[in-house]
Amino acid sequence: MVSTEAKLKERIKELTCLYEVTSIIVNSDYSQLHTSLEAITFCLKKAWQFEDDTEVLLKSGTYDIKTDGYRNDMVYLKSDIKVFNEVCGCIKVGYPSNKYKQTDFLVEEEKLLENVALAVGNLLERKQVHDSEAAIKRQVERADRLHILGEITAGIAHEINTPLANILGFTELLKERITDADALRDLNKIVDNAIFSREVVKKLMFFACEMPQQMNEILLIPLIEDVLNLLRPSLQTKNIQLIKSFSHQDIALRADNVQLTQVLFNLIMNAIYFSPKEGKIEISLKKGKKYITLRITDEGTGITMENEDKVFEPFFTTKPMGEGSGLGLSVVHGIISSHKGTITHERNHPQGTIFTISFPKLP
């Protein structure tokens, strides 16, 4: 029979554990949550009556923490960790099965474990809320930056258009007067570079949503097929396997044909550029109850974690100098936003990127 003194000692251990766990959670740094959960795990080890033989496992999502002697074949108490009322892990406290039985656990220990699991669940809930708030804040800041940059860009694009037109016009006039081959070659270089600059300005105008839109009902599958026909030589050069999946044959969208073509061209061209030889590109188009969803999946190098928030920013590119202006995806983002759509990206497994575009379905 357990003495009153022993019972009191156990209650003190349990209360001490609960106090320490509460202190850890109150002072927890969300960026170093693994450290806090480790500390909680070792607090639990000290709270059980047979402390020297106690082992603990705390598992939730990507967190998998256990004391050195934990084994799966132990006798243990278990309490689920719930985040927003959904079980997302558990805490187990156990003894070696060759020395102890299930009846060696105290009722008070079971209650303590439930309280700690509840506290851990609350901590993980706050972590999710914190991460969501941080993500929303980044999105708002990014939207503000893009809005300001869009206004500046529109002004710059308008200013540059006139001198570019003059450069092209006067260069063409000079070509009619000059017969020297070297001079003509130089003039052609001027024309080529002026045309390239004009295309960059056009992309800037798209990005700033300054180009007038001609909205019409467009069948998406023929548009996708037209873009793929344009890019077929690039697909064949890399011997890329193309997989297409369309939920319906008559999926239509109210959109600007030229702008939507540019969106498809940019995204598929990027998928081809970053895909390895003999890689695979999947294009999926689905019509749901409220949205039309287009997914373009590649097996390329993927987007690194440090670049995940930058891919839609203007002038950001991972391509070598001279191979990209960094405006492609920012233009795509601007066009899709102007069509009341959204674009997101995620990692493909084992490698590559998935771009997902959603447009509101026609009424």
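The values are calculated or read from the model by the stated rules, or taken from the named source; none is laboratory data. Owing to the predicted nature of the structure, the values given are computational and were not obtained by experimental measurement. Heads up, the Cβs are rebuilt from the backbone with ideal geometry, glycines too, and the neighbour counts pull from every protein chain shown. Please note that ligands, DNA and RNA were not included when accessible areas were found on the heavy atoms of the full protein model with its side chains. Shrake-Rupley method; radii C 1.70, N 1.55, O 1.52, S 1.80 Å.
Here is how the numbers come out for the structure above:
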{"item": "Using θ = phi - 60° and Karplus 6.51 cos²θ - 1.76 cosθ + 1.60, couplings along segment 71-86 (whole Hz; Gly, Pro as x)", "result": "10, 5, 8, 7, 7, 8, 9, 9, 9, 6, 9, 10, 10, 6, 6, 10"}
{"item": "Most fluctuating residue given options L118, L329, L253, as computed from a GNM of the chain linking Cα atoms under 10 Å", "result": "L118"}
{"item": "Accessible area per residue, Å², the chain with all protein chains present, probe 1.4 Å", "result": "59 Å²"}
{"item": "Among T22, T179, V258 the positive-end extreme of the charge dipole of the chain (Cβ point charges)", "result": "V258"}
{"item": "Efficiency of FRET between A181 and N239 - r from beta-carbon atoms, R0 45 angstrom, step 0.05", "result": "0.65"}
{"item": "Given K46/K82; K9/K111; K13/K46; K7/K111, the pairs whose alpha carbons are separated by over 19 Å", "result": "K46/K82"}
{"item": "Over the chain, relative contact order from alpha-carbon pairs under 8 Å, at least 6 apart, %", "result": "10 percent"}
{"item": "Segment 4-104: projected area of the alpha-carbon convex hull, averaged over directions, in nm²", "result": "7.3 nm²"}
{"item": "Rounded percent of accessible protein surface that carbon and sulfur make up, the chain, 1.4 Å probe", "result": "54 percent"}
{"item": "Accessible surface of I12 - all protein chains present, 1.4 Å probe, nearest 10 Å²", "result": "90 Å²"}
{"item": "Candidate lysines - alpha carbon under 25 Å from K137, same-chain residues fewer than 8 apart omitted", "result": "K127, K310, K340"}
{"item": "Relative contact order, percent, segment 1-54 [alpha-carbon distance under 8 Å, six or more residues apart]", "result": "42 percent"}
{"item": "Accessible-area value, H345, 1.4 Å probe, nucleic acids and ligands omitted, Å²", "result": "50 Å²"}
{"item": "Choice from M305, M269, M215 with maximal GNM fluctuation in the chain (Cα, 10 Å cutoff)", "result": "M305"}
{"item": "Residue order for F246, F196 - accessible surface, 1.4 angstrom probe, largest first", "result": "F196, F246"}
{"item": "Along each principal axis, Cα extent of the chain, largest first, Å", "result": "113, 43, 41"}
{"item": "Segment 38-138, relative contact order in percent, only Cα pairs under 8 angstrom and at least six apart counted", "result": "23 percent"}
